[in-house]
1. Within the group 333, 325, 312, 380, which residue is farther than 25 Å from residue 41 by Cα, in contact (Cβ under 8 Å) with a residue 12 or more places away in the chain and touching a Pro at 6+ places or on another chain (Cβ under 8 Å)?
2. Going through the range 156-179 one residue at a time, which ones are open to solvent by 10 Å² or more (accessible area, probe 1.4 Å) and either within 16 Å of the ligand (Cβ to nearest atom) or not in a helix (DSSP H, G or I) (or both)?
3. How many residues are touching a helix residue (DSSP H, G or I) at 6+ places or on another chain (Cβ under 7 Å) and either open to solvent by 40 Å² or more (accessible area, probe 1.4 Å) or over 19 Å from residue 412 (Cα atoms) (or both) if we restrict to the range 240-258?
4. Residue 199 fails exactly one of the following numbered conditions: (1) open to solvent by 60 Å² or more (accessible area, probe 1.4 Å); (2) at pLDDT 95 or above. What is the number of that condition?
5. Tell me which of these residue 252 doesn't satisfy, since it passes every other one: (1) more than 16 Å from the ligand (Cβ to nearest atom); (2) in a helix (DSSP H, G or I); (3) within 23 Å of the chain's Cα centre (by Cα).
6. Please indicate, with yes or no, whether at least one residue in the range 333-344 is assigned to a loop (DSSP other than H, G, I, E, B) and open to solvent by less than 40 Å² (accessible area, probe 1.4 Å).
7. Against the condition within 16 Å of the ligand (Cβ to nearest atom), within 20 Å of residue 11 (Cα to Cα) and within 19 Å of the chain's Cα centre (by Cα), how does residue 241 come out, does it pass?
Amino acid sequence: MTSTPAATLPILIQGGMGIGVSSWKLAQEVSRKGQLGVVSGTAIDAVIARRLQDGDISGDVRRALTHFPNQEIAQLIIDRYYIEGGRDSKVPYIDVPKLSLRPTSFAVELLVVSTFVEVWLAKEGHSGLVGMNILEKIQMAIPFQLFGAILADVDYILIGAGIPAQIPFALDLLQKGKPVAMRVDVADTNEKSILKFDPSTITGISYPLKRPKFLAIVSSHALVSYLNKDDETKPDGYIIEYHVAGGHNAPPRKKDAIDGNGEAIYSELDSPNLDKIIATGSDFWLAGGFGTPEKLKEALSLGACGIQVGSLFALSNESGFTKNLKVDAINHLMDGSIHVTTDATASPTGFPFKVIENEDSLSVRDNFEKRIRVCDLGYLRTPFKRESGSIGYRCPAEPQSNFVFKHGHIEQSHNAKCLCNALMADIGLGQIRPNGSTEMPLVTIGSDLEGPRRLLQMHPQGWSAAEAVTFLLN
Ligand SMILES: Cc1cc2nc3c(=O)[nH]c(=O)nc-3n(C[C@H](O)[C@H](O)[C@H](O)COP(=O)(O)O)c2cc1C
């Protein structure tokens, strides 16, 4: 077995930001600067399928596909999605298969290949480290995405938004080409369904492959102790994320800690106990409001290996956010009017989600209410058990009558935003609807924006990922 040498532990990790904000271009820039560049694997099958339908004008996706070890499968994906010259912009994108416990072979292959493509591109042409980030909550994609990333020689896997206890053992098996059977939660029960994947169904691969390191993203020392208890669950290190971080945040420990504006309220109870984490001897990085050189210094003095930074890179030139969204956020940052909330109920996952208030996005109640609910991407659907005992899938952001029919609790759906469609819109891949409209974005960013404010003073026209790395390391 080969593995990434310990000596190459990075000081700086560029956070994995979905969907497609941590694109291969962003990750590659950071890796080239000697730090850990991370791609987001979230919904990457839809991202790659849509890039192909938009004509893959740069040829990057097709170049990466020529390196996939099984060319028959690569060709199937080109045949299904590639449109030479790009689709007519008024024509909707065609769907990718929804995640499920019994995926078709095409659905599996698309997930494996798309993850391979994004990691392969991030690693192309240099010898720096590359990681892939996914969410534990999107359980029905995990084994296929881990395998796709391993095939592309990924150095690190980073997973949060849940308890990633099954990952280390799954990596051990997949690296050797052995089948995995992963437990998937069934809503409202303590039962688990089993999701199986046998890598030998994808032929043309020589084993063993490199086993990447695994970093669990957590917000409490209790979770560190829990995962460290068993070699099968113990990660190679931890990202300790504070609640000011962009994206999803761990729910407050106090019950019903929501204010009158629907924001999650955090207290002392939500601060991880670093002394207890240090006592475990595990490597760890600090994230959430650590995006300045002074905070890096502080993290190192507290015993961390370094920091993970998101917001600073989300606003950089190479991130996947559309130019308009970046310019808008930067303008509001400049005039001091940027407003970030921790919306306790916007995300169908049930985790608080950081949102920038922006009048052209779903953050405005009116825009949210005008949107006709449709669940056509479905990454946040969870399995539930019907009376018959069979398994169905539901999401709080789907049409409310469907959700309630599937025994979902109506109160979970009132403010639930379709993050799948909104986050695709954030990176310019929003779906076209029958009335000709395009899905609206919903933008997330951290609530501690000291780093971006200072970089903006140094680079009023915006900054590159390389400039962000230089700023942090100086
Ligand atoms: C736009 C955006 C999207 C994010 N998406 C994810 C994600 O998909 N998975 C994840 O683990 N963390 C996600 N994060 C969190 C970052 O990876 C990182 O841990 C965090 O941003 C660090 O805090 P900072 O924003 O204060 O630098 C996201 C952050 C941002 C700003």
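The values are calculated or read from the model by the stated rules, or taken from the named source; none is laboratory data. Since we're looking at a predicted model, the values are computed, not measured. Heads up, the Cβs are rebuilt from the backbone with ideal geometry, glycines too, and the neighbour counts pull from every protein chain shown. Only protein heavy atoms, including side chains, enter the accessible area calculation; ligands, DNA and RNA are left aside. Shrake-Rupley method; radii C 1.70, N 1.55, O 1.52, S 1.80 Å.
1. Being farther than 25 Å from residue 41 by Cα, in contact (Cβ under 8 Å) with a residue 12 or more places away in the chain and touching a Pro at 6+ places or on another chain (Cβ under 8 Å) holds for just one of 333, 325, 312, 380, which is 333.
2. Listed by number, the residues that qualify are 161, 162, 163, 165, 166, 176, 177, 178, 179.
3. Filtering the range 240-258 for residues touching a helix residue (DSSP H, G or I) at 6+ places or on another chain (Cβ under 7 Å) gives 240, 243, 246, 252-254.
Still in the list and also either open to solvent by 40 Å² or more (accessible area, probe 1.4 Å) or over 19 Å from residue 412 (Cα atoms) (or both): 240, 243, 246, 253-254.
Residues in the range 240-258 being touching a helix residue (DSSP H, G or I) at 6+ places or on another chain (Cβ under 7 Å) and either open to solvent by 40 Å² or more (accessible area, probe 1.4 Å) or over 19 Å from residue 412 (Cα atoms) (or both): 5 in total.
4. Among (1) open to solvent by 60 Å² or more (accessible area, probe 1.4 Å); (2) at pLDDT 95 or above, the lone unmet condition for residue 199 is (1).
5. (2)
6. Checked against the condition, which is being assigned to a loop (DSSP other than H, G, I, E, B) and open to solvent by less than 40 Å² (accessible area, probe 1.4 Å), the range 333-344 yields at least one hit.
7. Values: within 16 Å of the ligand (Cβ to nearest atom): yes; within 20 Å of residue 11 (Cα to Cα): yes; within 19 Å of the chain's Cα centre (by Cα): yes.
Yes.
Residues are listed down the side, and each one gets a yes or a no for (1) modelled with pLDDT under 95; (2) at negative phi; (3) within 11 Å of the ligand (Cβ to nearest atom):
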residue	(1), (2), (3)
270	yes, yes, no
280	no, yes, no
302	no, yes, no
310	no, yes, yes
315	no, yes, yes
